[in-house]
Amino acid sequence: MGWCTFLHRKPIAYSTIKKYLSALETSLALWNDDLVGFQSKRLEMCLRGIRKACPHRPQTNKRMPVTIWVLRKFFQHLNSSNFLHKMIKTAMITGVYALLRAGEFAAKDPLHIPLLRSDIRFFESSVVLRIRRSKTDIFRQGVDITLWKDDSDTCPYTHLKDLFDNSPLQYPGAPLFQNSDGSPLLYAQLVKATKDLAQHCGFKATMFAGHSFRIGGATTLALLGYEAHIIKTLGRWTSLSYQLYTRVSQEQMQKASEAISRAEHRTNKFFGDLSDTAAARVSWDNLPLQAARVS
């Protein structure tokens, strides 16, 4: 009973309807248009009825995080001499270290590729990824994400440089993550590989999804004791007003990246002292307080 039908389309929650109406009201206000309808008693009663009939969304399965330790377990089932495996491995490493949404590095369709070879720049000890568009970047200004070189088995710089130098298509407009035939890594392909690897490792495959890498990077940092404002800045979360009062330097971001790499062999636990169920249900607003530390 947690969903409500809106205009005979896909079921939409009451809270989503409110957001749509708020956005519409704001747009009309900018054009000095008539807003009388938004104060009507009929609309108020209609929304009240929807809210009463559909008070909550249905409970959905939470997504399991791919922490640095889960990632290491995954890689036991990948062959580094196989180009496809090497590409998948590099994409997963990048997703965890950069706290990326899957749609920011895997294409939803072959015509819309989120990361091109022209979007990456290598320096002596770091690599910069240019994310041209993302969920929270409504004005499409883009953002640069820096990853650092280290001596770990999961060093994002090393894996990205090797993939970049050995990809079949070398021109700037080619996909950064590409298959052996030059076609882009697809979102569905990434999700399938993630679920297959999870199943091989003895995890419940249905609990893993494309978003598991983003929350996996955040979970790893939380387990290492990093504060919420650092994790949220690295992950480009826009919720809460902490961003108005805190700043995270490049040095702090580099230390966080290096901490992930150093933690790779520190424990055999995949989620600290959290159970699988607890790891899948951590609240991101208080993640450092809820996640068990890795000793």
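Ranking S126, S22 by solvent-accessible area of protein heavy atoms (1.4 Å probe, all protein chains present), from largest to smallest, gives S22, S126. Solvent exposure of H77, expressed as accessible area, is near 80 Å², computed with a probe of 1.4 Å over the protein chains only. Peptides 162-174, 94-106, 204-216 ranked from most to least packed, by the mean per-residue count of other Cβ atoms within 10 Å: 94-106, 204-216, 162-174. In this calculation the C-beta distance from L169 to A205 is compared with R0 = 22 Å, giving a FRET efficiency of 0.10.
Given a 1.4 Å probe and the protein chains as shown, C201 ends up with an accessible area of around 20 Å². Label-to-label distance, L78 versus D162, with points set 7 angstrom from Cα along the beta-carbon direction: 1.0 nm.
Extension gain, L30 to R51, is 4.8 nm, computed as 0.36 nm per intervening residue step minus the present C-alpha separation.
The values are calculated or read from the model by the stated rules, or taken from the named source; none is laboratory data. All values derive from a computational prediction rather than experimental measurement. Virtual Cβ from ideal backbone geometry, glycine too; neighbours counted across all protein chains shown. Heavy atoms of the whole protein, side chains included, go into the accessibility calculation; ligands, DNA and RNA do not. Shrake-Rupley method; radii C 1.70, N 1.55, O 1.52, S 1.80 Å.
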